[in-house]
Amino acid sequence: MLRSQVSSVLRKASFPGRLSRRVFRQTQLLHTTRAYCGPQVAIVNSLQYEKIYRPDPKMLDRPLDSFARRHLGPSPKNVAYMLKTMGYEDLDGFVNSLVPPDILKKRPLLLEAPAEGFGEQEMLEHMEQIANKNKYKVKNLIGKGYYGTILPPVIQRNLLESPEWYTSYTPYQPEISQGRLESLLNFQTVISDLTGLPVANASLLDEGTAAGEAMLLSYNLSRRKKTKYVIDSRVHPQTKSVLLTRAHPFDIELIEIDTSHVENALEVLKDPKVAGCLVQYPATDGSILSGEVLSSFAEVLHANKGLFSVASDLMALTLLKPPADFGADIVLGSSQRFGVPMGFGGPHAAFFSVVEKLNRKIPGRIVGVSKDRLNKPALRLALQTREQHIKRDKATSNICTAQALLANVAANYCVYHGPEGLKDIAERIYGMTTILANAIQSKFSKFSISNKNWFDTLTIDLNGNSSSKAILNKALEKYNMNLFAVDENIVSLSLDETTTREDLVNLVKIFTDSSDVTKFISEGNEFPVFPKQYARFDKILTDPVFNTHHSETAMLRYLHRLQSRDLSLANSMIPLGSCTMKLNSTVEMMPITWPQFGNIHPFQPVDQVEGYKELLSSLERDLCTITGFDGISLQPNSGAQGEYTGLRVIRSYLESKGESHRDVCLIPVSAHGTNPASAAMCGMKVVPVNCLTDGSLDLSDLKLQADKYKDNLAAVMITYPSTYGLFEPGIQNAFKVIHENGGQVYLDGANMNAQVGLTSPGDLGADVCHLNLHKTFSIPHGGGGPAGAPIGVKSHLIPHLPKHDVVDIVTAVKSEYSIDSVGSAPYGNPLVLPISYAYIKMMGREGLPFSSVIAMLNANYMMTRLKNHYNILFISQESKNRHCAHEFIIDLREYKKKGVEAIDVAKRLQDYGFHAPTLAFPVPGTLMVEPTESENLEELDRFVDSMIAIKGEIEAFIAGEPKGQVLKNAPHSLEDLVSEDWSARGYTREEAAFPLAFLKNNKFWPPVARLDDAYGDMNLMCTCPSVLEVANDDA
């Protein structure tokens, strides 16, 4: 959406029902700059905080269920106390002393919401009215990788809607993450079993991204010498688009082949410059290649040291021979139809499995089986040194997250149904598809089927007897169904788990002239059986976990057991620096499981998705005013993908100016590893820029590098506030240097939670920025995904924002310069975008700046209490940095030579009931703390008190006192506590488990003791262990 369109749209804006009187009751909702007559700067003083926190009960047109009061942790009295602790009297004075004057803008936000925000009940009404504008009761048989599915209610209520599942963080602290690690291991086991390959990861972003990763893995395995990649013409169209995007920076030539012409295809594959090939099995048109053909492709590729990749369908693979049988090296696809709503395109968990020799090349995270200090089996993320953000500019991928929450839904869908239940679903889908095919191939139909075999999809040639438009209109108007128009004379359709007998009858009516359609569906007819020549006969999902929990009672208890083994925001604060683990409110979360949002296909006609169109357009306009940018793309669905998209947009812009030679990207040495990894994926040359000893960017070095590379400079990537959690006053000078030397400024939005309403990337002079909606704008982390990372751009970059090849993007203007898709779906992860929409609308113009203000207040209050006990990196009374922004770094490096490391403190915090702050980033040997605005004073104090107590334990260890060993043995599981070997420990059970009094009333028990990381990597096991393996480990 263009920023220039905002004014006219806002003048037309209306909020249905009783909300309209609220929305327009104040002049603040005249949203053009000329008409705006509110304060000329955002008001962030203590009086204003009290006003937005506690509505006046006498103001009858303002609801009392103010969201700000629920979202912001400290009360006004708490705020006054915290300010006094730091030597301030008012929030405004605190903000003015913290944010440099040339940075602090306080530009009023022109949001499409009441100034003070919607109340919670008003928001639910508003969301319902938007949602009901979507034609969600239409039966979508469009297919193309997205299918109707039934999310079991026990999984919906106790996993997808459960904060114990969706508020947890990526399981980098495995001792307090055993539940979802087990669930993700189940996911990997499902993938490994169904694809036949031994190693699977814990999910990727979507099928298109997974295909791109397969291509780049093939390319990099050839040491970038093989520059051709072959794709099946029957690959899903959105996947082809992502492959084009990923191939462009490396000049990889994509060659499309018709795999039905086997001899021609084999000739293409024999080219020694071919790095690999991707085929779809079953194909997008429904056809299934024979095992003989697939094996011949694999044989030719392997002869030239290429890789054979297969995009497949998990439901089909419950019946269909696995690709591993035919020599596949990589199998990928989407797990969406295993219980995850279509949701207009995402989020969905992609899967990716490989042969054994590629286990250290596979992108994404892998859950592996290890053991803990007590020699008991335990789970962890394995081979973490192969994670791409660690490799920085040497990376072969920029994948840094997954779709863990959705992978857990899919895994537990399999646990609940079991192998027989899954086969029953698949057999019914195939049988119904075949019944329909038989009807279309009968004498009662004027049409024919193009694909000779199928699982769930039929491609139907109308033979000139009708048009695709006429058939689609008939299906919609008479039977409320959506089919897919391949072209003017060919349509396709895909049946799924939700297809009923009535649907089948209606489809037969659409495609035949028979007066009695029931004869095709008669109970007396033999139900079609999947053909033996394509069928698998091996046993799948034999592990007990898939053969036990089939009653709702059993499944409920299994899910509860898993979530009770994980620490989440339901237990305590998760103070991870650079992660912004803020409240994911119930009101925000409720709409994502509504069918009005969930039952929408991403390729559904635009006139059926008016609700999504309204929501997404308004969200884009709000993000424009928040960021100071002119245009937004919602397509990127992770932070790293946002980085990639922004840099690709920059390169496209430079190419349009005839400056394609500009390929140098300057990146500070303090940057998160995805920055250089993303630059590498865009074909850029990374040049590091130094930081000074006080943590600030070395402007002299920046000027030196910019001048040195001025003829080839493309961009700089800078995080602001800095990765060290500092507001640097010279940032605009840095941007000026880049612009003067012909480059563009990419601002990493990881720390946007310190900017909202106070300053913005656009106000600072950036050209592009990605926003982590899963940080700043309240989308939950979900244990490692989903995410959302739209990019904002200045006007000159708008024509280069990504397009979509299957459908036009309803919120954007298509341009000849638009880059190809960066993800499978047009709008990234639209099912979770109502969360950010609701967050912004409920906070309102007056409340939203206080998210940043209180986040910074909480961080500085904690830092003030801790600085007498620990060294705070880059902060001191003597330096120019007296405050942090919204996060700070505890420096523990001085203790390493005395035997105590940062990881000991991180593990000991688990005994106090806390997830550790970010460990060893951005500086090794440190902990970076970010409390967010959602934590109340009592929780902040509990964490600080815990850290102070741990300082005493550090001193005891250094002094050689036996009780100091409590650090080295941490965390202490319940099994450890009741063991008999305590006489030699040097500390008591109470000191181990209840070091502070509050723990006796609220204790989270780590389910395992400290893990053995080396053992897990040296003995890699990435599927559910067998009973024998567990028994051997216990022996």
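Placing +1 on the Cβ of every Lys and Arg and -1 on the Cβ of every Asp and Glu, with nothing else charged, gives the chain a dipole about its Cα centre of roughly 1280 debye. Expressed as an acute angle from 0 to 90° and rounded to the nearest 10, what is the orientation of the C-alpha long axis of helix 902-911 relative to the principal long axis of the chain? For 902-911 against the chain, the angle is about 80 degrees.
With both labels modelled 7 Å from their Cα along Cα-to-Cβ, the Glu263 to Glu427 distance reads 4.1 nm. Given +1 at the Cβ of Lys and Arg, -1 at the Cβ of Asp and Glu and no other charges, the dipole of the range 68-181 around its Cα centre is 560 debye to the nearest 20. Once the other residues with Cβ under 13 Å from the Cβ of Glu728 are scored (Lys, Arg +1; Asp, Glu -1), what is the net sum? Counting the neighbours of Glu728, the net charge comes to -2. Extension gain, Thr593-Glu552: 0.36 nm per intervening residue step, less the Cα-Cα distance, totals 12.8 nm. Between Ala949 and Tyr1015, the contour length at 0.36 nm per residue exceeds the alpha carbon distance by 20.6 nm. For helix 639-656, report the angle its Cα long axis makes with the longest principal axis of the Cα atoms of the chain; keep it between 0 and 90° and round to the nearest 10°. It works out to around 80 degrees.
Solvent-accessible surface of the range 631-828, averaged per residue with a 1.4 angstrom probe and all protein chains in place: 25 square angstrom.
Determine one quarter of the surface area of the Cα convex hull of the range 578-694, which equals its mean projected area, and express it in nm² to one decimal.
The Cα convex hull of the range 578-694, projected and averaged over all directions, gives 11.1 nm².
In square nanometres, what is the average projected area of the Cα convex hull of the range 633-703? For the Cα atoms of the range 633-703, the hull's average projected area reads 5.6 nm².
When the Cα gyration tensor is reduced to axis lengths a ≥ b ≥ c, the ratio a/c is 1.5 or higher for the range 140-209, and with a/b not above b/c it is classed as oblate. Cβ-Cβ distance of Lys736 and Lys474, R₀ of 56 Å, FRET efficiency by 1/(1 + (r/R0)^6): the value works out to about 0.35. Using a Förster distance of 30 angstrom, determine the FRET efficiency expected from the C-beta separation of Glu161 and Gln129, and round it to 0.05. Approximately 0.90, to the nearest 0.05.
Okay, helix-only estimate at 222 nm for the chain: each DSSP H run of n ≥ 4 adds -39500 (n - 2.57), divide by all residues, round to 500 deg cm²/dmol; what do you get?
Rounded to the nearest 500, the figure is -11000 deg cm²/dmol.
Measuring max minus min along each principal axis, the C-alpha atoms of the range 174-404 give extents of 59, 39, 34 Å (largest first).
Derived from the Cα gyration tensor, the three semi-axes of the equivalent ellipsoid of the chain are 45, 34, 29 Å, largest first.
In this rough spin-label picture, where each label sits 7 Å from Cα along the Cβ direction, the Asp805-Arg893 distance is 4.8 nm. Of all beta bridges that DSSP places with both ends in the chain, some 55 percent have antiparallel geometry.
The convex hull defined by the C-alpha atoms of the range 196-252 has an orientation-averaged projected area of 4.7 nm². Taking the 1.4 Å solvent-accessible surface of the chain as the whole, the part contributed by carbon and sulfur is 50%. When only alpha carbons are used to place a centre, the range 227-246 and the range 564-613 end up 30 Å from one another.
When the solvent-accessible surface of protein heavy atoms is calculated with a 1.4 angstrom probe, in what order do Cys400, Cys665 fall, highest first?
Values: Cys400 35, Cys665 0 Å².
Listed by decreasing accessible area, they come as Cys400, Cys665.
Here the extension length gained between Asn1001 and Asp102 equals 318.8 nm, from 0.36 nm per residue of separation less the Cα-Cα distance. Between His302 and Glu816, the simple label model (points 7 Å from Cα in the Cβ direction) yields a spacing of 4.8 nm. Entry note: the range 870-1017 has Rg to Rh equal to 0.98, where both radii use alpha-carbon atoms and Rh is the Kirkwood radius. So how tilted is helix 501-511 from the main axis of the chain? Cα-based, degrees 0 to 90, rounded to 10. It is inclined by approximately 60 degrees. Database remark: amide H of Val199 closer than 5 angstrom to the amide H of Val354 (H placed geometrically; neighbours at sequence offset of 5 or more, or on other chains; Pro and chain starts carry no H).
The Rg/Rh ratio of the range 676-811, with both radii computed over alpha carbons and Rh defined as the Kirkwood radius, is 0.98. Peptides 898-907, 442-451, 722-731 ranked from most to least packed by the mean count of surrounding Cβ atoms within 10 Å: 722-731, 898-907, 442-451. Taken per residue, the accessible surface of the range 174-404 reaches 27 Å², heavy atoms only and a 1.4 Å probe.
The values are calculated or read from the model by the stated rules, or taken from the named source; none is laboratory data. On a predicted model such as this, the values are computed, not experimentally measured, just so you know. When we count neighbours, we look across all protein chains shown, and the Cβ atoms used for this are built from the backbone with ideal geometry, even at glycine. When the accessible area is computed, the model is the full protein with side chains, heavy atoms only, and any ligands, DNA or RNA have been set aside. Shrake-Rupley method; radii C 1.70, N 1.55, O 1.52, S 1.80 Å.
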